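Student: Here it is: the structure, laid out below.
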Amino acid sequence: MKMADEEKPATTIKQEILDKIAALVTAAFGLVAALAWNDAIKAVFKEIFGTATAIGPMLIYAVLVTIIAVILTIIVARAVSKAKNL
């Protein structure tokens, strides 16, 4: 009986390690995607405003990206919460 109890934490630890690795890989791909979008959006701003370094447009860009990120984070958090409750 003790053998079954001792195997349970090992399975849990393996599961936690796999969960963490999956989270890190997902975060890494998310960062790569974010950087790609950042470059693409900067190119669009450069086309529209003539320069990607203009302070006004860059501040607008930063505020818009922040607002979108917050809204998407809330939507994802709610979806995860609903999925956990099912």
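The values are calculated or read from the model by the stated rules, or taken from the named source; none is laboratory data. Quick caveat: nothing in here was measured; it's all calculated off a predicted structure. Cβ sites come from the backbone with ideal geometry, for glycine too, and all protein chains shown count toward neighbours.
Student: Only residues in the stretch 63-86 that are within 19 Å of residue 30 (Cα to Cα) count as the first member; pair them with residues that are modelled with pLDDT of 85 or more and assigned to a helix (DSSP H, G or I), Cβ under 8 angstrom, at least 6 apart or cross-chain, and list the lot.
Tutor: none
Student: Anything in the stretch 4-54 that is within 23 Å of residue 64 (Cβ to Cβ), at pLDDT 85 or above and polar (S, T, N, Q)? List them, or say none.
Tutor: none
Student: Being at pLDDT 80 or above and either over 15 Å from the mean Cα position of the chain (by Cα) or loosely packed, with under 10 Cβ neighbours inside 10 Å (or both) is the requirement here; does residue 86 meet it?
Tutor: Taking the combined requirement at face value, the residue does not satisfy it.
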